[in-house]
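*Asks:* This is the structure, below, for whatever I ask next.
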Amino acid sequence: MMYKAIQAFFKTEDDAETVKAELNKLKTNDIRIDHLPDAAQTLLLTPLAYSGNNTSGMGTGGGFVAAFTRTDNGETVDNTSREHTVECEVEENDYPEALKIIMDNDGYVDKDVLEG
């Protein structure tokens with residue numbers, strides 16, 4: 001089995017704890033929560049959003065989670081500090097579901113992770 005590392009950033013410790021509990025239902029290794037007050041200043045964080053037209057469920061050939069890139073400069077951006085992180089390794093088949101859990105709980109990820 002192949003595992004992929006994942007790190008997500010949240011506004012509150014409660015959000016991080018909720019995600020940790022949900023990730024525990026997947027095939028994961030070493031889920032940990034941390035407080036990184038300077039992380040948001042050194043990483044370019046991005047929210048997650050559905051890509052494609054199928055948002056009805058995971059594993060149905062579409063609706064994969066991807067970085068959400070804002071192209072409209074008039075839109076307000078959420079600059080709330082995200083100092084709480086959840087880090088773990090997720091089994092490759094569960095990775096899309098893990099990203100969905102993060103997205104559903106307003107988690108952000110490092111933009112480079114999704115582009116790499």
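*Asks:* Could you count how many residues in the range 59-116 are at pLDDT 75 or above and under 21 Å from ILE33 (Cβ atoms)?
*Replies:* 27
*Asks:* Out of the range 91-105, which residues are touching a residue at least 40 places away in the same chain (Cβ under 8 Å) and either closer than 11 Å to GLU22 by Cβ or under 9 Å from the mean Cα position of the chain (by Cα) (or both)?
*Replies:* Residues of the range 91-105 that are touching a residue at least 40 places away in the same chain (Cβ under 8 Å), as a first pass: 91-95, 97-103, 105.
Listed by number, the residues that qualify are GLU97, ALA98, LEU99, LYS100, ILE101, ILE102, MET103, ASN105.
*Asks:* Please count how many residues of the range 5-29 are surrounded by fewer than 17 Cβ atoms within 10 Å (Cβ to Cβ) and touching an Asp or Glu at 6+ places or on another chain (Cβ under 6 Å).
*Replies:* Residues in the range 5-29 being surrounded by fewer than 17 Cβ atoms within 10 Å (Cβ to Cβ) and touching an Asp or Glu at 6+ places or on another chain (Cβ under 6 Å): 4 in total.
*Asks:* Would you confirm whether any residue within the range 40-57 is within 9 Å of VAL86 (Cβ to Cβ), touching a helix residue (DSSP H, G or I) at 6+ places or on another chain (Cβ under 9 Å) and either at pLDDT 80 or above or not in a helix (DSSP H, G or I) (or both)? Before you say what the answer is, go through the steps one by one.
*Replies:* Filtering the range 40-57 down to residues within 9 Å of VAL86 (Cβ to Cβ) leaves none.
No, the range 40-57 contains no residue that is within 9 Å of VAL86 (Cβ to Cβ), touching a helix residue (DSSP H, G or I) at 6+ places or on another chain (Cβ under 9 Å) and either at pLDDT 80 or above or not in a helix (DSSP H, G or I) (or both).
*Asks:* Of all residues in the range 4-28, count the ones that are among the basic types (Lys, Arg), over 15 Å from THR85 (Cα atoms) and in a loop (DSSP other than H, G, I, E, B).
*Replies:* Pass one, the range 4-28, residues among the basic types (Lys, Arg): 4, 11, 20, 25, 27.
So of that shortlist, the ones also over 15 Å from THR85 (Cα atoms) come out as 4, 25, 27.
Remaining after also requiring in a loop (DSSP other than H, G, I, E, B): 25, 27.
So the count comes out to 2.
The values are calculated or read from the model by the stated rules, or taken from the named source; none is laboratory data. What you see is a predicted model; the values in this text were computed from it and never measured. Please note: Cβ atoms are built from the backbone with ideal geometry, for glycine as well, and neighbour counts cover all protein chains shown.
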